[in-house]
Amino acid sequence: MSAREDLAELIRRAETGTAGPPDPRWAALTVDAARARRAAVLMLFGVLDDVPAESGKPLAPADLDVLLLERAHTLGSHPGQVAFPGGGIDRGETPVAAALREAEEETGLDSGGVEVLGTLQDLGLAHSNFLVTPVLGWWHAPSPVRVVDYAESAQVFRIPVRDLLDPDNRVMATVHRAGRTFDSPAFTVNGVVVWGFTGIVLSGLFDQLGWSVPWDRNRLHPMGV
């Protein structure tokens with residue numbers, strides 16, 4: 001199947017309850033749904049643009065990228081972290097509408113070129129008390145993207161999925177807080193580290209799609225936060 005068909009099939013299996021158990025780290029992404037704020041993110045995949053993958057390994061899918069952004073380093077919440085476009089859901093708004101609106105506001109994309117394939121299970125972002133709905137999209141008519149507001153984002157970029165899957169680019173990010181150590185699957189790409197919530201979600205998604213390649217989970221990358 002094509003990458004788009006793989007993504008659409010995952011949504012179909014999620015909707016029918018036949019997707020199988022998700023990444024166990026997803027189960028840890030919980031908050032009190034009654035008290036959490038609602039948010040949505042757009043996980044937007046499309047045919048690789050004219051910037052080729054740096055990895056030369058024969059990893060599948062080879063002609064695919066995903067849209068990400070680096071949050072401004074001056075933000076009070078998750079500064080400098082790489083994330084999917086997204087944000088809070090306004091009153092009366094659906095998760096899909098919120099994800100598309102936020103993506104337009106943050107990256108300048110034309111949402112008319114986005115085919116929404118469906119939504120995945122809600123995931124908790126405990127640090128900021130959000131219950132997040134991942135919206136899976138296919139970019140059938142890509143449009144230019146950019147940083148719309150530098151007070152919010154440091155950069156907006158499309159990263160080849162081949163580079164994310166390359167075992168040489170995969171590490172376990174570790175953070176020490178309040179005498180405890182937290183770790184998460186991470187990706188070292190585009191001069192940044194994709195870790196935390198975004199790293200966990202991408203890693204779990206690749207596992208469920210059957211795209212993941214074995215990598216060394218003992219390779220640690222301490223995060224200075």
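At full extension, R35 and R180 could sit 49.7 nm farther apart than now, given 0.36 nm per residue minus the alpha carbon distance. Simple spin-label estimate for T94 and A72 gives 3.2 nm between the two label positions (7 Å along the Cα-to-Cβ direction from each Cα).
Pair-distance distribution P(r) for segment 151-225, from all Cα-Cα distances in 5 Å bins starting at 0: 3, 15, 25, 26, 16, 10, 4, 1 percent. Using a simple spin-label model with pseudo-atoms 7 Å out from Cα toward Cβ, D207 and S128 lie 2.4 nm apart. Full extension of the chain between R219 and E115 gives 33.8 nm of extra length, using 0.36 nm per residue less the Cα-Cα distance. Above 18 angstrom, tally the Cα pairs of segment 1-65 and express them as a % of all pairs, no decimals. Here the tail beyond 18 Å accounts for 61 percent of pairs. Of the complete DSSP H runs in the chain, those spanning 18 angstrom or more by Cα along the long axis with a mean Kyte-Doolittle score not below -0.5 are 196-209. The Kirkwood hydrodynamic radius of segment 46-200, based on inverse pair distances between different Cα atoms, is 16.5 Å.
Fully extending the segment from E152 to V47, taken as 0.36 nm per residue of separation minus the present Cα-Cα distance, adds 35.1 nm. Look at where the Cα atoms of segment 145-163 and of segment 98-120 average out, and the two centres are 14 Å apart. Dividing the helix sum by the residues of the chain, where each DSSP H run of 4 or more adds -39500 (n - 2.57), gives a mean residue ellipticity at 222 nm of -6500 deg cm²/dmol. Based on the alpha-carbon gyration tensor of segment 6-111 and its eigenvalue square roots a ≥ b ≥ c, which shape applies: rounded if a/c is under 1.5, prolate if not and a/b is larger than b/c, or oblate? Oblate shape, in that a/c is at least 1.5 and b/c is the bigger or equal ratio. Going by the alpha-carbon gyration tensor, a ≥ b ≥ c the square roots of its eigenvalues, is segment 90-160 rounded (a/c under 1.5) or, if a/c is not under 1.5, prolate (a/b greater than b/c) versus oblate? Oblate, because a/c is 1.5 or more while a/b does not exceed b/c.
Across segment 43-83 the C-alpha pair distances fall into 5 Å bins from zero in the proportions 6, 19, 19, 17, 15, 12, 10, 3, 0 percent.
None of the figures in this text is laboratory data; all of them are computed from the coordinates on show. Everything quoted here is computed from the prediction, not taken from an experiment. We place every Cβ from the backbone using ideal geometry, glycine too, and count neighbours over all the protein chains shown.
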